[in-house]
Amino acid sequence: MSWIGRLLRRRAMERDLDKELRFHLDEEARRHTAVGVDPREAERRARIALGGLEQTKESTRDARGTRWLEDIGSDVRYAVRALRRTPVFTASAILTLAVGIGANTAVFNLTDAVLLRTLPVLRPNELVAVKRVGLGDDNYRFSHPSYERLRHAMPDTTAMAAMSSTLRMWAMIGDAPEATIGQLVSGEWFGVLGVRPAMGRLIDPSDNRDLGGHPVAVLSHAYWDRRFGRSPSVIGSTLRVNGVALTVIGVAAPRFFGMKPGDDVDLYAPLVMQHELRYQSNASVDNADGSKPWIPQIGIAWLTVIARAAPDQRAQVESRLERDFRGALTDEVASREEQVRTFRMREHVRLEPAGRGLSDLRKDLGAPMLTLMASVGLVLLIACANLASLLLARTTARSQELSIRASLGARSGRLIRQGFTESLTLALIGGVCSLLVARWGSVALLHLLTSNTNTPSQALQLTFEPRLLAFAFGLSLLVGVLFGVAPALRIGHADLHAVFKTGGRVVGARHGNRFPLGRVLVAGQIALSLALVVLATLFARTLRNFTAIDPGFDQHQVAEARIDVRAAGYAAERLPALNDRLIEAVRAVPRVRSVSVSVTGVATGHMRTSSVEIPGQVHGPEWDGTVQENTVTPAFFETVGLSLMRGRGFTASDATGAPPVAVVSQSMARYFFGTEEAIGRRFSTGDSAIEVIGVVRDARVNTIKDAPPRMAYYPLAQVPSEYPNGIEVRFDGPAVTVIPLIRAAIASVDRALPVREIVTLDELLGRGLREQSLVSQLAGLFSILALLLASIGLYGVMAYTVAQRSTELGVRLALGAKPAEVRGVVLRDTLRIVVIGLVAGAVILIPSLGAVESLVYGVSPRDPATLAAAAALLLLVGTLAGFVPAWRASRIDPARALRAE
Amino acid sequence: MTPNGKSDILQGMLDMLILKAVATEPLHGYAVAQRLRLLSRDRLQVPQGSLYPALHRLENRGWLKGDWADTPTGREAKFYRLTPKGKRQLATEVSQWKELAATIALVLELA
């Protein structure tokens, strides 16, 4: 019989053992009765000969060899019985654990999805992305001709693929445009990733041959499910996307969400459809025409290139690619002057592991996620300390039971193991309940994190996959051991005989031990709480510092309507008339004071950069001539509240035919013209020279976090083929009443014009602080939890101490000590624990605070005022927690205390 | 579980004697005790308290196999028989014992 079989057949084995020994006793007794002994006497003799039925059974069980396993079963049953006897303790312990472990699991899920988990593709460890390095900021953008050149340098030309950025596209479902996330991919893309179709077929090299000639689309499984109810008839049907009729050829495998966790793609189309689908984003355009198809143009870098290369071949592939990249670079810069050529040729390619996807979230959330993970872990540790204290108290209360068991022959190892079984049972029950909390918590977390996207990303959602379950289970075990170890040690060390001597009142209260285990735990809680309070304060101050930043323009009472004219299929010639009609319609809305149209909008994250040259200026290699651009109608500066420092703004006469003009920001003026007067100077971004006519204030037009960029503004009337993306509206009164009217006004111009959203600039700027506010809110929540737990812990220990010292304190009172003095004794004792905890916490915390350097703004991570305030707060909380026990101590009735002795 | 050299020797001897007792035919626990008493002409009193732990230990090691069967009196009892593995073990133990006994005898003679 195998050990597992024996374990399962435990009951049957017990019955057999019983039967076997019964038979023996009967036979032995029969031998005695046969010679005339009285049956009862015979039975007695038989039992004596056997040496006691129960003892024999016990040693026979030991001989079976699976004793330890059988004991676990009985220990668990015993633990459950013991826990059921104290339902309040058990329920609060399980709740604490469920919340603690659940919060950790939820945060882990997000960290895992963003930072650790690999993509659901074939052999993700082989995936690499090709990165351009050596010129200022590293980037991943290649032109299509350069991509083709690199691909042909690969040992296997099907092992490299290219893709565009993900982009909002408008699919006509019924007669309304609906926002979807689209991505253009090369024919090799699905093959390189090793993604299979769930239905139909995927885009392959035959779909990427003729410019504009392959109007096909592949749907993601999630989109197919969400939008088409998994209807198989979708294959072969036509979907109008950005005005192009695409034939749906297939659905990608379930769970495949694209290359960017947190940025799920709905539909894929071939790269050759770039022009038709009006894809124009995230490109660097150099000496090229963005309004013509991008595929043949070497001056437009817009593709992210990925490849498959086994880790051991990576270096070899990299050097092959580097060789051909030199060639591609030579072509790219062929038309430029010598100086630019030399500069640009300093660029190199590198292969970078991409098996975890290319998430922007990783960059933005990496450090905050790890901080959250650490904070939520600290909260769990504090909760563990509380549970340990509770269990310690419980052990003390049960010391009489334990000593009886010890005197009946239970070995102390056995008792310790039983103590552990109890804490582990609690932890595992808590762990199971924590899955519910984790589920709920991750929904809440995701909601906080992605408040403005319509569908929460598949990649970030919590699924009970093995990895996550393993985390929750492992954490439960760890926690169980952590909070079980102190009580178990107490069981092991308890002077059990003392219990009998004193009637079970003082076990554990080992006199002379000035700082017993319970106090160490509470001091540890204080130390951990200090860390959390300091972090929360730092993050709150960071958030406040960010919100207090003056963006450089008057962002209040301005709305931004984000429109997508390009996707609506307008021909460039119709744009000026459309712009006029939009401005007219929106200006007619009551309470609207001023309206402008712009190409990138404000705080939308859609910036555009160009390289600027000043005729006659020569620059060294450190020169960075890039500026950000926006093209606007004359009312723009007035509408967004951006004040003109010098010169003039645009007027209606700055139109086509008039000399090209620009308004620049102060920092641009300073960078290019130094202390000289900028007004009247000229710069060029390609062919034409543009005259500076005005200088506006520096403003944080992208996000509140980034320093004001060097900006150049052009009049929209001089670049009539530019597609506008934003309508800025300055209004009076509440935004909620004006925004619907703006929406109606836009719809009155063209019902089919896609409006992504209409939001206030306050909100748009606030979105840039979403991570900060998430981190700040959670850290605040965690520190409140920590304070609460620590004060409960402190209160518990002090209440226990007062109960223990009641005789001593009673005697003091009887000898004439004033109640205030007794209170002072207890309070001082409480504060000693707090101070020891604070000192220990500070010693560990201060050197490690450098890790959050990148997460704070406008405050030093080791800001003394923050540290002092946090310490003061903890002292205050400590005093409050110690006050009730102190007050109770001063009310001890000396007579009763003495009688109890 | 406390190490105790004395009981180890006794236990080792008891194991060997039990294996020998059931070598000829399957016996139940009580019969093992009786057989050992008879064979030793009443000179060996098997400690009954140690008998059953020993039987179960030997069964656990695969040297004995226990089966439930009826006794001549019609009651069900657990009969232990020697497994092939047990037979080999018995042979080893017997030869080791003889060697030890001879060695001890030699020492006693010469001393």
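Just so it is clear, none of the values below were taken in a lab; they were calculated from the coordinates. Just so we're clear, the structure is a prediction, and the values are computed from it rather than from any experiment. Heads up, the Cβs are rebuilt from the backbone with ideal geometry, glycines too, and the neighbour counts pull from every protein chain shown.
Assorted remarks:
- Cα-Cα over 29 Å, subset of A:LYS57/B:LYS65; A:LYS19/B:LYS20; A:LYS57/B:LYS98; A:LYS19/B:LYS87: A:LYS57/B:LYS98
- Angle between chain B longest axis and helix B:84-110 axis [Cα atoms, degrees, rounded to 10]: 30
- Taking other Cβ atoms within 10 Å as a rough exposure proxy, A:PHE108, A:PHE539, A:PHE464 sort from fewest to most as A:PHE464, A:PHE108, A:PHE539.
- For A:GLU757, distant residues with modelled amide H under 5 Å away: A:ARG562
- Signed unit charges on C-beta, dipole axis of chain A, positive-most listed residue A:ASN702, A:THR111, A:VAL749: A:THR111
- Across chain A, the mean sequence separation of Cα contacts (distance under 8 Å, 6 or more residues apart), normalised by length, yields a relative contact order of 14 percent.
- Tensor-based shape of the stretch A:702-855 (alpha-carbon gyration tensor, a/c under 1.5 rounded, otherwise prolate or oblate): prolate
- Positive-end residue of A:VAL534, A:VAL485, A:ALA851, charge dipole of the protein assembly as shown with Cβ unit charges: A:VAL485
- If the segment from A:ALA814 to A:THR651 were pulled out straight at 0.36 nm per residue, it would be longer than the present Cα-Cα gap by 49.4 nm.
- The loop-placed trypsin sites (Lys or Arg not before Pro) in the stretch A:694-794, going by DSSP, that have at most 10 neighbouring Cβ atoms within 10 Å of their Cβ come out as A:ARG751.
- Other-chain or far-sequence residues with amide H under 5 Å of A:ILE181's (modelled H): A:MET169, A:ASP266, A:LEU267
- Cα centre as origin, Lys/Arg/Asp/Glu Cβ charges: the protein assembly as shown dipole, Debye: 5220
- Screening chain A for whole DSSP H helices of 30 Å or more along their axis (Cα) with average Kyte-Doolittle hydropathy at least -0.5 returns A:87-111, A:360-397, A:412-449, A:466-493, A:517-548, A:770-804, A:819-848, A:864-890.
- In a fully extended conformation the segment linking A:ALA444 and A:GLU352 would gain 29.8 nm over its present Cα-Cα distance, using 0.36 nm per residue.
- Applying the criteria of a DSSP loop state and at most 14 other Cβ atoms within 10 Å to the trypsin sites (Lys or Arg not before Pro) of the stretch B:11-64 yields B:ARG41, B:ARG43.
- Placing unit charges on the Cβ atoms of the charged side chains and taking the dipole of the protein assembly as shown about its Cα centre, the candidate lying farthest along the positive direction among A:GLY236, A:VAL432, A:VAL272 is A:VAL432.
- Along its first, second and third principal axes, ordered by size, the protein assembly as shown spans 136, 85, 62 Å in Cα coordinates.
- Relative contact order, whole percent, for the stretch A:93-216 stands at 16, derived from Cα pairs under 8 Å and 6 or more residues apart.
- Three-way shape label, the stretch A:764-901, alpha-carbon gyration tensor, a/c 1.5: prolate
- Chain lengthening between A:GLU677 and A:ASP331 when straightened (0.36 nm per residue, less Cα-Cα): 120.7 nm
- Using θ = phi - 60° in the Karplus curve 6.51 cos²θ - 1.76 cosθ + 1.60, the 3J(HN,Hα) couplings for the stretch A:755-765 round to 10, 5, 5, 10, 9, 6, 5, 4, 6, 4, 5 Hz; x is entered for Gly and Pro.
- Per-residue [θ]222 nm for the protein assembly as shown (sum of -39500 (n - 2.57) over DSSP H runs n ≥ 4, rounded to 500): -17500 deg cm²/dmol
- Scalar couplings 3J(HN,Hα) for the stretch A:161-169, obtained by applying the Karplus form with A = 6.51, B = -1.76, C = 1.60 to θ = phi - 60°, are 9, 10, 8, 7, 6, 7, 8, 5, 10 Hz; x denotes Gly and Pro.
- Once you reduce the stretch A:838-881 and the stretch B:93-110 to the center of their Cα atoms, the two points are 78 Å from each other.
- Each Lys and Arg adds +1 at its Cβ and each Asp and Glu adds -1 at its Cβ; summed about the Cα centre, the stretch A:756-901 shows a dipole of about 700 debye.
- Loop-resident sites, the stretch A:240-274, for chymotrypsin sites (Phe, Trp or Tyr not before Pro), counting at most 16 other Cβ within 10 Å (DSSP): none
- Cut-off 15 Å (backbone N to label point 7 Å along Cα→Cβ of A:TRP623), residues of the stretch A:267-311: none
- With respect to chain B, whose longest principal axis is taken over its alpha-carbon atoms, helix B:5-21 is tilted by about 50°.
- For the stretch A:676-796, the relative contact order works out to 15 percent when only alpha carbon pairs closer than 8 Å and six or more residues apart are counted.
- Gaussian network model of chain B, springs between alpha carbon atoms under 10 Å - residue of B:THR73, B:THR24, B:THR92 with greatest fluctuation: B:THR73
- Backbone amide hydrogens, once placed in the peptide plane, bring A:VAL661 within less than 5 Å of A:GLU691, excluding anything fewer than 5 places away on its chain.
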